[in-house]
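*Asks:* Mind looking over this structure? Questions follow.
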Amino acid sequence: MGGFFGVVSKKDCVFDLSFGTDYHSHLGTKRGGMAVYGEQGFDRAIHNIQNSPFRTKFERDVEEMHGVSGIGCISDTEPQPLIVRSHLGSFAITTVGRINNADALVKLAFEGGTPQFLEMSGGNINPTELTAALINQKDTIEEGIRYAQTMIEGSMSLLLLTADGMYAARDFWGRTPVVIGQKEGAHCASFESSAFLNLGYDQERELGPGEVVFLTSDSVKTVVPARDEMKICTFLWVYFGYPTSSYEGVNVEEMRCRCGAKLAERDQTIADSVAGIPDSGTAHAIGYANSTGIPFSRPFIKYTPTWPRSFMPQKQSQRNLIAHMKLIPVDALIRDKSLILIDDSLVRGTQMRETTEFLYHSGAKEVHIRTACPPIMFGCKYLNFSRSTSEMDLIARRTVARLEGDKADEKLPLYTDPDTPEYANMVEEIRKELHFTSLKYQRLDDMIEATGLPACNFCTYCWTGKE
């Protein structure tokens, strides 16, 4: 996926920029980058952070870079920020999102006068460079950003830094957040609302869908007003978001606790303890435990000093190895116990099956699996949060295909409805395949209710195939 952070200040901003960017490291572990503007113009640094934390890679840059404004990013795809020189002047740009119609937009850019693009490995074009090219099709940066947002199919939030200040733009449908912070002599723009709290900033406001603002150290000016319709990604609360952050005024940790309580309301399972898969499943498990009175425990502890997040490696075998190696069992909390284990989601099923087998090997008597969201039926087409190359990688889709054969696509709606016998049969087949004692998924209506926001504000495509 990825995240970004930007600062405009009356004094050197590199300290704030580096730590604000570092606070987005949970959103990706492939590349990190910073670009600043100061007396010497633009300066930039980009590093591979797959095998070393952002802070470690950028220690020397933080000492050597100087500027009163800057943007930084954590990216799981392309190297960024980019520094661009065009008829609109020089600017630095970083993005979070996904472009589904890139080929058509590249052709359009060529027709509009863009002479070339740099190819990345695999022949792909950097989405951030393509976004910059779209912006440069217009006579002003404001017009260019609005044009890019309306032309891109998918989503695209961005920060654009000029000599005079910084533009912050939330994607057209508001699928990802952009939050503005303020302290004396400085403003910041951030993906995560908690990224600036320890830097002395107070939250000023969140941008609305499609809104574009221009920030200086003294002011925040709306240059493109927000749209009324929003389709924010529900997975921000369920999984991606950091527990200390809030989106649309709803804290991630609080929502997860309510989500776990909703799971408990529909469950009568008796067990010795409730546990969450660290880290995103922990708050869901606490909510479940508080609601049922079943004790919360940590039967295995995540070893965080050296192991990265398990979904980041390219190969599934490497992801599985890391997922296994980073969880260390506590025998006294596992042996001869009946456990309820809560995870944020069940995607491919491989890691959860291995975790369950690991618990049985460690002496667990029963392992009841609960997931904090419904069965995932469709790969996300709006954000880069999945490495799946096919929807048949999803265990729910594979199960439906096995049950229905050639009629699987036609009958999918029956399997997304938790009140149908088809849905119950699918869940039971998944349970048997993964060797769980029992399996229950969160209902979509309960998950949305746990946010406290109107259902029409959310994108639920990965569960329903509908926005």
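*Asks:* Please give the peptides 419-425, 228-234 ranked by average Cβ packing (other Cβ atoms within 10 Å per residue), highest first, as a rough proxy for protection.
*Replies:* Answer by packing, highest mean first, reads 228-234, 419-425.
*Asks:* Related question: How large is the Kirkwood hydrodynamic radius of segment 216-285, counting all unique pairs of alpha carbons, in Å?
*Replies:* After inverting the pairwise mean of 1/r, the radius is 14.7 Å.
*Asks:* Separate question: Hey, any idea what Rg/Rh is for segment 2-230, computing Rh the Kirkwood way over Cα pairs? Could the numbers behind the result be given before it?
*Replies:* Details: Rg = 16.1 Å, Rh = 17.2 Å.
Taking Rh as the inverse mean 1/r over Cα pairs, Rg/Rh reads 0.94.
*Asks:* At q = 0.21 Å⁻¹, what base-10 log of I(q)/I(0) does the Debye formula yield for segment 344-437 when every alpha carbon is treated as an equal point scatterer in vacuo?
*Replies:* The calculated log intensity ratios at q = 0.21 Å⁻¹ are -1.10.
*Asks:* What FRET efficiency do you get for Thr464 and Gln203 if R0 is 25 Å and r is their Cβ-Cβ distance, rounded to the nearest 0.05? Don't jump to the answer; show the numbers that get you there.
*Replies:* Details: r = 32 Å, r/R0 = 1.28.
Efficiency, rounded to the nearest 0.05: 0.20.
*Asks:* Now a separate question. For segment 1-131, what are the per-bin percents of Cα-Cα distances with bins 5 Å wide, up to the bin holding the maximum?
*Replies:* With 5 Å bins starting at 0, P(r) equals 2, 11, 20, 22, 18, 14, 8, 5, 1.
*Asks:* Arrange the peptides 345-355, 150-160 so that the one whose residues have, on average, the most other Cβ atoms within 10 Å appears first.
*Replies:* 150-160, 345-355
*Asks:* Next question. For segment 250-464, just list the percent of Cα-Cα distances falling in each 5 Å bin from zero outward, please.
*Replies:* Calculated over all Cα pairs of segment 250-464, the distribution is 1, 7, 15, 19, 21, 18, 13, 6, 1, 0 percent.
*Asks:* Further question on the same structure: Give me a comma-separated list of calculated 3J(HN,Hα) values for segment 369-381, in order, Karplus coefficients 6.51, -1.76, 1.60 applied at θ = phi - 60°, integers in Hz, x for any Gly or Pro.
*Replies:* Using θ = phi - 60°, the values come out as 9, 10, 10, 7, 9, x, x, 7, 10, 9, x, 5, 10 Hz.
*Asks:* Taking a threshold of 29 Å on the Cα-Cα distance, which of the pairs Lys11/Lys221; Lys107/Lys411; Lys262/Lys466; Lys411/Lys432; Lys231/Lys440; Lys57/Lys326 fall above it?
*Replies:* From the list (Lys11/Lys221; Lys107/Lys411; Lys262/Lys466; Lys411/Lys432; Lys231/Lys440; Lys57/Lys326), the Cα-Cα distance tops 29 Å for Lys107/Lys411.
*Asks:* Between Ser69, Ala104, Gln182, whose Cα lies farthest towards the positive end of the dipole of segment 2-230 when Lys and Arg beta carbons carry +1 and Asp and Glu beta carbons carry -1, centred on the Cα centre?
*Replies:* Towards the positive end, the residue furthest out is Ala104.
*Asks:* Excluding same-chain residues fewer than 8 positions from Lys337, which lysines have a Cα within less than 16 Å of its Cα?
*Replies:* Cross-link targets: Lys365.
*Asks:* With charges set only on the Cβ (+1 for Lys and Arg, -1 for Asp and Glu), what does the dipole of the chain come to about its Cα centre, in debye to the nearest 20?
*Replies:* Here the size comes out at about 960 debye.
*Asks:* Right, here's the next one. Once every DSSP H run of n ≥ 4 in the chain is given -39500 (n - 2.57) and the sum is divided by its residues, what mean residue ellipticity at 222 nm do you get, rounded to the nearest 500 deg cm²/dmol?
*Replies:* Values: 15 runs with 140 residues, N = 467.
It lands at -8500 deg cm²/dmol.
*Asks:* Full extension from Met392 to Glu64: what is 0.36 nm times the residue separation minus their Cα-Cα distance, to one decimal in nm?
*Replies:* Additional length available on full extension: 113.3 nm.
*Asks:* Averaging sequence separations of C-alpha pairs under 8 Å and six or more residues apart, then dividing by the length of segment 2-230, give the relative contact order as a whole percent. It would help to have the intermediate numbers written out before the result.
*Replies:* Details: 572 pairs, mean separation 46.5, N = 229.
Value for segment 2-230: 20 percent.
*Asks:* A follow-up question, please. So what is the relative contact order for segment 250-464, in percent, with contacts set as C-alpha pairs under 8 Å and at least six apart?
*Replies:* That works out to 21 percent.
*Asks:* Over the residues of segment 129-278, compute the C-alpha Rg and express it relative to 2.2 N^0.38 Å.
*Replies:* Computed over Cα atoms of segment 129-278, the ratio equals 1.25.
*Asks:* OK, next. What are the extents of the Cα atoms of the chain along their three principal axes, listed from largest to smallest and rounded to whole Å?
*Replies:* 66, 47, 39
*Asks:* Please give the length that would be gained between Met120 and Tyr360 if that part of the chain were fully extended, namely 0.36 nm times their separation in residues minus their C-alpha to C-alpha distance (nm, one decimal). Show your work: numbers first, answer last.
*Replies:* Numbers: separation 240, 0.36 × 240 = 86.40 nm, distance 4.50 nm.
81.9 nm is the gain from fully extending Met120 to Tyr360.
*Asks:* If I take every Cα pair under 8 Å that is 6 or more residues apart in the chain, average their sequence separation and divide by the length, what percent do I get for the relative contact order?
*Replies:* Values: 1048 pairs, mean separation 55.1, N = 467.
Dividing the mean separation by the residue count of the chain yields 12 percent.
*Asks:* In addition: In the chain, if the dipole is taken from +1 on Lys/Arg beta carbons and -1 on Asp/Glu beta carbons about the Cα centre, which of Asn51, Val250, Val212 is farthest to the positive end?
*Replies:* Asn51
*Asks:* For Glu265 and Thr244 in the same chain, what is the full-extension length gain: residue separation times 0.36 nm, less their Cα-Cα distance, in nm?
*Replies:* Residue separation times 0.36 nm, minus the Cα-Cα distance, leaves 5.0 nm.
*Asks:* Assuming R0 = 22 Å, can you tell me the calculated FRET efficiency for the pair Asp331 and Tyr303, based on Cβ-Cβ distance, to the nearest 0.05?
*Replies:* Given R0 = 22 Å and the Cβ-Cβ separation, E is 0.85.
The numbers here are math on the coordinates, done by the rules we state, and not lab data. Remember, it's a predicted structure, so these values are computed and weren't measured experimentally. Methodologically, a virtual Cβ is constructed for each residue, glycine included, from the backbone with ideal geometry; neighbour enumeration extends over all protein chains shown.
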